[in-house]
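K.L.:
Following this message is one structure expressed as structure tokens.
The values are calculated or read from the model by the stated rules, or taken from the named source; none is laboratory data. Only a predicted model underlies this, so the values are computations on that prediction, with no experimental measurement involved. Note that we place each Cβ from the backbone using ideal geometry, even for glycine, and neighbour counts take in every protein chain shown. Remember, those area values only see protein heavy atoms, side chains included, never the ligands or the DNA or RNA. Shrake-Rupley method; radii C 1.70, N 1.55, O 1.52, S 1.80 Å.
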Amino acid sequence: MSLIKFFSSYYIRKSLPIKNLAFFSTTPLPAQEERGARKTSLFDFHVARGGKIVNFAGYLLPVQYSDQGIATSHIHTRTPGCASIFDVSHMLQTYLTGKDAIECFESITTADIRELSDRNGTLTVFTNDKGGILDDLIVNRVNSEFLYVVSNAARKDHDSQLIRNTVDNFREQKGKSVSVRFFDTKERALLALQGPASAAALQTLTKVDLNQLYFMTTTEAEIAGVKDCRITRCGYTGEDGFEISILGDKASFIAEALLDVKTANVKLAGLGARDSLRLEAGMCLYGSDIDTTTTPIEAGLAWLVGKRRRTEKKFPGAEIIMDQLKNGVTRRRVGIRMLTGPPARHGVGIYSNGEMIGEITSGCPSPSLSGNVAMGYVKEEFKKSDTPVELKIRDKFFEAKISKMPFTKSNYYQKTKQ
């Protein structure tokens, strides 16, 4: 069965199709492999456990598993006592080292890495000279001379070239001390353990006190007797959780160990649930919700531009972004709750009194809310929550309203403010 037929039949059965089918190849797996689709170190592990494999961003990954559908997997990830394991090894993992690593990386991102404490991280973006977003990524300041970066698989070639060129320029033209190392997908795997019981599951396998590892902090660790692991408390679901960087040949062992713990109900999850979870959490998907034509201000991500960075203006597109912060923008990313009709997909028009005021960038049924949600861009004057709008789907108009994001409460494990 092709992926389009699979999702079409799934929509009929469960009313939960995946958005953006363009990200997935619909040809049979052998043809995918012949065209160079890559396997993560967990490929055989997924197949053995009933993973339905698709081509995502050039990697063969499970969209779901045979033991539970996408909606069930989604709900499991948000259920107390439960957690889910996602294989995100297709992401680009990078180390930057040297006394000038922070200065180098700040020259192409908006983050204030210099002011981060050691072992802390932040979401940031690469920008171009027009302030457009080249990619979104996580940068962790391990210490003043060591950055651990995780960026998107679909932008792997672009990001690695951008970083490499910047490092080379700093070393050769400026005489700076900075080096970069990119990890192959099979060299280091990346597991995302997400859900209310993530800490309970992981704590049984490590001596690191997870009570002291807060949201967006990172540490080296030994897990299930495996050394050279890195645990970062973050994720893409809105739930508490961790991203665990592991030597590729140890990934299946650690995944098995997590599935076997008695302190939590841990199950495998695929791309389908990951997409609906991140949309409920109001998180962007690069290539859909943000891209080179979108600035951080338009995307509602002004907080990614650090205070010091705004003053110094030493990143690509700084002048344009600062002008938008001062004078505003003409469009803004917003959440949308549908009141009637089918799910709204990428490209669906947003209307008010017959006038097209914007466009949907992501949308899907929300298993947590039992309704359809979406995000998109509207003219600035329509951004206020509860503003009524209409969505034009297959030449019919359906009622909706502008909504705050996230659509569901975030459950990050954060340090209590004193």
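K.L.:
Taking only pairs six or more apart or across chains, which ones have beta-carbon atoms under 7 Å, a first residue in segment 304-333 that is touching a residue at least 60 places away in the same chain (Cβ under 8 Å) and over 30 Å from Met356 (Cβ atoms), and a second residue that is in a strand (DSSP E or B) and not basic (Lys, Arg)?
P.N.:
Qualifying pairs under 7 Å: Phe315/Thr109; Phe315/Thr127; Pro316/Thr127.
K.L.:
Could you list all residues from segment 149-168 that are surrounded by fewer than 20 Cβ atoms within 10 Å (Cβ to Cβ) and in contact with a Ser or Thr (Cβ under 7 Å, 6 or more places away or on another chain)?
P.N.:
Matches in segment 149-168: Thr166 only.
K.L.:
Name the residues in segment 330-349 that are under 25 Å from the mean Cα position of the chain (by Cα) and of a type in the set (A, V, I, L, M, F, W, C), would you?
P.N.:
Val334, Ile336, Met338, Ala344, Val348
K.L.:
What number of residues within segment 258-280 satisfy the criterion of being in a loop (DSSP other than H, G, I, E, B), open to solvent by 10 Å² or more (accessible area, probe 1.4 Å) and either out of contact with any helix residue (DSSP H, G or I) (no Cβ under 6 Å at 6 or more places or on another chain) or among the polar types (S, T, N, Q) (or both)? First the steps, then the outcome.
P.N.:
In the first step, residues of segment 258-280 are kept if they are in a loop (DSSP other than H, G, I, E, B); the result is 260-264, 269-270.
Within this subset, residues satisfying the condition of being open to solvent by 10 Å² or more (accessible area, probe 1.4 Å) are 260-264.
Checking which are either out of contact with any helix residue (DSSP H, G or I) (no Cβ under 6 Å at 6 or more places or on another chain) or among the polar types (S, T, N, Q) (or both) leaves us with 260, 262-263.
The total comes to 3.
K.L.:
Out of all the residues in segment 272-293, is one or more without any contact (Cβ under 8 Å) to a residue 40 or more places away in the chain, hydrophobic (A, V, I, L, M, F, W, C) and on the phi < 0 side of the Ramachandran plot? Quick ask: steps written out before the conclusion?
P.N.:
Step one: filter segment 272-293 for residues without any contact (Cβ under 8 Å) to a residue 40 or more places away in the chain, giving none.
Scanning segment 272-293 turns up no residue that is without any contact (Cβ under 8 Å) to a residue 40 or more places away in the chain, hydrophobic (A, V, I, L, M, F, W, C) and on the phi < 0 side of the Ramachandran plot.
K.L.:
For segment 119-131, what are the residues that are closer than 17 Å to Gln161 by Cβ and surrounded by fewer than 22 Cβ atoms within 10 Å (Cβ to Cβ)?
P.N.:
Asn128, Asp129, listed by residue number.
K.L.:
Pick from Pro296, Pro316, Pro342: which is of a type outside the set (Gly, Ala, Ser), in contact with a helix residue (DSSP H, G or I) (Cβ under 7 Å, 6 or more places away or on another chain) and crowded, with 17+ Cβ neighbours inside 10 Å?
P.N.:
Working: Pro316 fails: in contact with a helix residue (DSSP H, G or I) (Cβ under 7 Å, 6 or more places away or on another chain); Pro342 fails: in contact with a helix residue (DSSP H, G or I) (Cβ under 7 Å, 6 or more places away or on another chain).
Of the residues listed, the single one that is of a type outside the set (Gly, Ala, Ser), in contact with a helix residue (DSSP H, G or I) (Cβ under 7 Å, 6 or more places away or on another chain) and crowded, with 17+ Cβ neighbours inside 10 Å is Pro296.
K.L.:
Within segment 218-229, can you find the residues that are surrounded by fewer than 20 Cβ atoms within 10 Å (Cβ to Cβ) and not in a loop (DSSP other than H, G, I, E, B)? Before the answer, list the steps.
P.N.:
So in segment 218-229, the residues surrounded by fewer than 20 Cβ atoms within 10 Å (Cβ to Cβ) come out as 219-220, 222, 224-228.
Listed by number, the residues that qualify are Thr219, Glu220, Glu222, Val226, Lys227, Asp228.
K.L.:
Name the helices (runs of 4 or more DSSP H) wholly within segment 32-118 that hold at least 3 residues that are touching a helix residue (DSSP H, G or I) at 6+ places or on another chain (Cβ under 6 Å), open to solvent by less than 20 Å² (accessible area, probe 1.4 Å) and not acidic (Asp, Glu)?
P.N.:
Counting at least 3 such residues, we get 70-78.
K.L.:
Another question, if that's okay. Taking strands (runs of 3 or more DSSP E) that do not extend beyond segment 349-418, which have at least 1 residues that are acidic (Asp, Glu), free of Cβ contacts under 8 Å to residues at least 12 places away in the same chain and surrounded by fewer than 16 Cβ atoms within 10 Å (Cβ to Cβ)?
P.N.:
Counting at least 1 such residues, we get 355-366.
K.L.:
In the list Lys186, Lys174, which residue meets the criterion of being open to solvent by 30 Å² or more (accessible area, probe 1.4 Å), touching a helix residue (DSSP H, G or I) at 6+ places or on another chain (Cβ under 7 Å) and part of a loop (DSSP other than H, G, I, E, B)? Please lay out each step first, then the result.
P.N.:
Values: Lys174 fails: touching a helix residue (DSSP H, G or I) at 6+ places or on another chain (Cβ under 7 Å).
The conditions single out Lys186.
K.L.:
If you don't mind, there's one more thing I want to ask. If Trp303 passes every condition in (1) open to solvent by 20 Å² or more (accessible area, probe 1.4 Å); (2) assigned to a loop (DSSP other than H, G, I, E, B); (3) aromatic (Phe, Trp, Tyr) but one, which one does it miss?
P.N.:
Status for Trp303: all satisfied but (2).
K.L.:
Here's another thing I want to ask about it. Assess whether Ala200 counts as being small (Gly, Ala, Ser), open to solvent by 10 Å² or more (accessible area, probe 1.4 Å) and modelled with pLDDT of 95 or more.
P.N.:
Yes.
K.L.:
Anything in segment 210-260 that is closer than 30 Å to Phe407 by Cβ and hydrophobic (A, V, I, L, M, F, W, C)? List them, or say none.
P.N.:
Let us first name the residues in segment 210-260 that are closer than 30 Å to Phe407 by Cβ, namely 210-211, 213-218, 231-245, 255, 258-259.
Listed by number, the residues that qualify are Leu210, Leu213, Phe215, Met216, Ile231, Cys234, Phe242, Ile244, Ala255, Leu258, Leu259.
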